[in-house]
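The values are calculated or read from the model by the stated rules, or taken from the named source; none is laboratory data. In this text, all values refer to a predicted model and were calculated from it rather than measured experimentally. Cβ placement follows ideal geometry from the backbone for every residue including glycine, while neighbour counts extend to all protein chains displayed. What goes into the accessible areas is simple: the full protein's heavy atoms, side chains included, and nothing from ligands, DNA or RNA. Shrake-Rupley method; radii C 1.70, N 1.55, O 1.52, S 1.80 Å.
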Amino acid sequence: MLEALRARPWTWSFVGALGAFVATIATLHGQGAAGVATAALALAVFMVLAGIGQMFVITLGPGNIDLSLAANIGLASAVSMTVMNGSDAGIGLGLAAAAGCGLAIGAANYLLIWLLRIPPIIATLSSSFIIQSIDIAYGRGLQIKPPPGFADFTSLQIAGLPLLALLTMLFTVAAAVLLRRTIYGRWVLATGQNAHAARLAGVAVGRVRAITYMVCGVLGGLDGALLAGYFRGANVDIGNEYLLASIAVVVVGGTSVAGGEANLPGIWGASLFMVLLLTMLNTFGAGAGARLLFTGLIIVAVIAFGGGRKTA
Amino acid sequence: MTARAPVRLLRSLLPAFSLALVVAAIAWLNPRAMSYFGFNLMLSLALPIALATVAQMFVIAGSELDLSIGSFISFCGCVVATWLDQSPLLGAAILLGGVLVYAGVGALIHLRNLPSIVVTLGMSFVWQGLAILVLPRPGGAAPDWLQTLMSSKPPFLPLPVIGSLLLALVCHLLLMRTGYGAVLRGAGGNATAIGRTGWSLLKVKMALFALAGLFGVLSSLALIGISTSADPNIGSNYSLLSIAGVILGGGEFVGGVVSPVGAVIGGLTLTLAASPLLTFLHIPPDWQIGANGALLILVLAARARFSRPEAA
């Protein structure tokens, strides 16, 4: 039993999510279980999207990480809302603009890594500083609301399940297929396990890395647009919590920080766990300080208990 | 071999050269800034940033990374502006406790073989939460002695300059000129070798993290002494800024390649390039963070020019 759990470290995240859910419902005396579940699914979506992007990057191997995700989400939220300009006709164009903005950021990140031969962490850190400034200068005084159609779309429910959550689940399955069954996905894993061996085996390591940073950028961009729709407006800080959260859900979800080993179901488990944990602490009446404190302690505890296989 | 020596020299001079360049640019834009008063004003925030950078440097010396130093400084700042002011003994004990927790984090990372990025990421939530619990709203007051110290005007050289020189000297002697300093750096370069020679790697990691905690406390003292009151988010930028400072100062993420003098120079360069230079260039403060990003990229581009081609 324990062996089986060790082999699938992400099971813990689902167990944790379930535990937090049960504790919340118990505090509410069994009231509103469906509401809590729906809200958790809706909020988890944004963490899952950022998490999947970060997961692909982290899987590329030691040192690969995208620290520009928060700034990317912030800028894309502003760009998409500006392009949509409050009219339903602009939704498609706005989403494309958000994706394009993310794609450009991903490409710029990889260009820095490749041209300057610097660790990705410092390349994406520098670019995040610049993106943040662009966003502050561009989004100054910008209070554009999402078009009504787009706002409704982000909070639409089908039989009590948020539509976005269903779409994101489909996307997660697609990402799993991409990772396990396509040449690109196998190349990502091979690069992460041993970049040198992968290169000798004919993997176009550079191209794989470039594509992966762009994939992460696009996911961040789309996440920004959806967040702006869900929270009824773009703002500079909208992505802030998703930088640390994206790394946390990847690791808590059982993806190896050393790379070469990805875990998609774990992203969902960990995201639901993080969201339900916050819901639980809220229902207990915990303030912002206590919520952060417990989130941190639980992340450290999960890592300390489930981790311990760093080989890098 | 002979061709490499000048390249290495150039690389090691790069941090000092970039600082000189920034100072020269300021002098050219506004010659009046080149005075005791001007430097005192321009460098007012240099000391906390330099101290945070040195804290980060100790962690990077062990080939680890600390994403929690910023929120740790926030937490310590809140303690300094409340407990240390009202009941100095209790306040000092809590700050010491913080340093011990840092050593404990180092021990946890070593014993469970965990990725430091993730553990310190979790800890950043913990410190942030504790900071909010200590001081929910901006306020508090710096102890009088601290305010007096930080606003003192020593003869000939402004306090930030004297402080930075002293800091660079002390850390240089500690890390580069003592036997145990070499062991500390060696653990980042080749941990196995250090372990085989009979040094306890556990103690090394704990020492590095405790030093980071100690300098984090010093950074918060300097910061609160200048700002005279605290805010639970006061240090939030410092995690990423300190990493940038270490890299600007010629440090490398792996291999125990760090330089205390470089780290202090890196911190000073970030301080000067962010605010005074932009003010004199009449660039709006929106671009402050972006300027730091651009500076990082420029310096790293220059460094890539000087690095050996086979390093990629």
With a 1.4 angstrom probe the carbon and sulfur portion of accessible area for chain A, in percent, totals 68
With a 1.4 Å probe and ligands and nucleic acids left out, the total accessible area lost when B pairs with A, in Å² to the nearest 100, equals 3700
Taking A:14-23, A:192-201 and ranking on average Cβ neighbours within 10 Å, highest first, one gets A:14-23, A:192-201
Diffusion coefficient in µm²/s returned for chain A by Stokes-Einstein, Kirkwood Rh over C-alpha pairs, 4 °C and 1.567 mPa s, is 65
Excluding ligands, DNA and RNA, the carbon-plus-sulfur percentage of the accessible area of the range B:137-203 with a 1.4 Å probe reads 68
Length-normalised contact order of chain B, Cα under 8 Å, at least 6 apart, in percent, tallies to 36
Residues hit by the 40 Å² burial cutoff in the range B:77-118, accessible area with a 1.4 Å probe, assembly against chain on its own, are B:112, B:113, B:114, B:115, B:117, B:118
The distance between the Cα centres of the range A:197-263 and the range B:165-199, in whole Å, is 36
Judged on accessible area alone, 1.4 Å probe, highest first, A:153, B:17 line up as B:17, A:153
Once phi for every residue in the range B:236-243 is put through the Karplus expression 6.51 cos²θ - 1.76 cosθ + 1.60 (θ = phi - 60°), the whole-Hz ³J(HN,Hα) values, with Gly and Pro written as x, are 4, 7, 6, 4, 6, 4, 5, 4
Within the range A:46-84, the residues whose backbone N lies under 15 Å from a label point placed 7 Å from the Cα of residue A:201 along the Cα-to-Cβ direction are A:60-61
Contact-by-burial set, the range B:263-301, min loss 50 Å², accessible area of protein heavy atoms with 1.4 Å probe, reference chain alone, gives B:286, B:287, B:289, B:297, B:300
If every Lys and Arg gets +1 and every Asp and Glu gets -1 at its Cβ, then about the Cα centre chain A yields a dipole, in debye to the nearest 20, of 740
Here the relative contact order (percent) of chain A, from C-alpha pairs under 8 Å and at least 6 apart, is 36
Once residue B:282 and residue B:41 are pulled to full extension, the length gained, defined as 0.36 nm per residue separation minus their Cα-Cα distance, is 85.0 nm
Over the Cα atoms of the range A:110-153 the radius of gyration and the largest Cα-Cα distance (Dmax), both in Å, equal 16.2, 45
Straight-line reach check, residue A:145, cutoff 19 Å on alpha carbons, 8 or more apart in-chain or any other chain, hits among aspartates and glutamates -> A:88, A:135, A:223, A:237
Subtracting the Cα-Cα distance of residue A:159 and residue A:111 from 0.36 nm times their residue separation yields 12.8 nm
In the range B:241-256, the residues losing 50 Å² or more of accessible area (1.4 Å probe, heavy atoms of protein chains only) relative to their chain alone are B:253
Phi angles of the range B:59-64, converted by Karplus (6.51 cos²θ - 1.76 cosθ + 1.60, θ = phi - 60°) into ³J(HN,Hα) in whole Hz with x for Gly and Pro, give 5, 5, 4, x, 6, 10
Taking 0.36 nm per residue of separation between residue B:89 and residue B:16 and subtracting their Cα-Cα distance, the length gained on full extension comes to 22.3 nm
Sorted largest first, the Cα spans of the range A:100-248 on the principal axes come out in Å as 53, 41, 25
Classified through the alpha carbon gyration tensor (a ≥ b ≥ c as square roots of its eigenvalues; rounded if a/c is under 1.5, else prolate when a/b is larger than b/c, else oblate), chain B comes out oblate
For the range A:12-146 the translational diffusion coefficient, Stokes-Einstein from a Kirkwood Rh over Cα pairs at 37 °C and viscosity 0.692 mPa s, in µm²/s, is roughly 189
Per residue, accessible area of the protein assembly as shown with a 1.4 Å probe, heavy atoms of protein chains only, in Å², comes to 41
Applied in sequence order to the range A:215-221, the curve 6.51 cos²θ - 1.76 cosθ + 1.60 (Karplus, θ = phi - 60°) yields integer Hz couplings, x standing for Gly and Pro, of 4, 4, x, 4, 4, x, x
Non-local residues with an amide H under 5 Å from the amide H of residue A:157, with H modelled 1.01 Å from N and Pro and chain starts lacking one, are A:163
Taking Cα atoms only, Rg over Rh for the range B:153-213 with Rh from the Kirkwood formula is 1.18
Sorted by accessible surface (1.4 Å probe, heavy atoms of the protein chains only), largest first, B:66, B:144, B:231 come out as B:144, B:231, B:66
Of all C-alpha pairs within the range B:65-152, those more than 17 angstrom apart amount in percent to 52
Shape descriptor, the protein assembly as shown: equivalent ellipsoid semi-axes (Cα gyration tensor, sqrt 5λ, whole Å, largest first) stand at 38, 28, 27
Its Cα gyration tensor gives the range B:182-240 an equivalent ellipsoid whose semi-axes in whole Å, largest first, are 34, 10, 8
Sorting B:287, B:145 on solvent-accessible surface, 1.4 Å probe, most exposed first, gives B:145, B:287
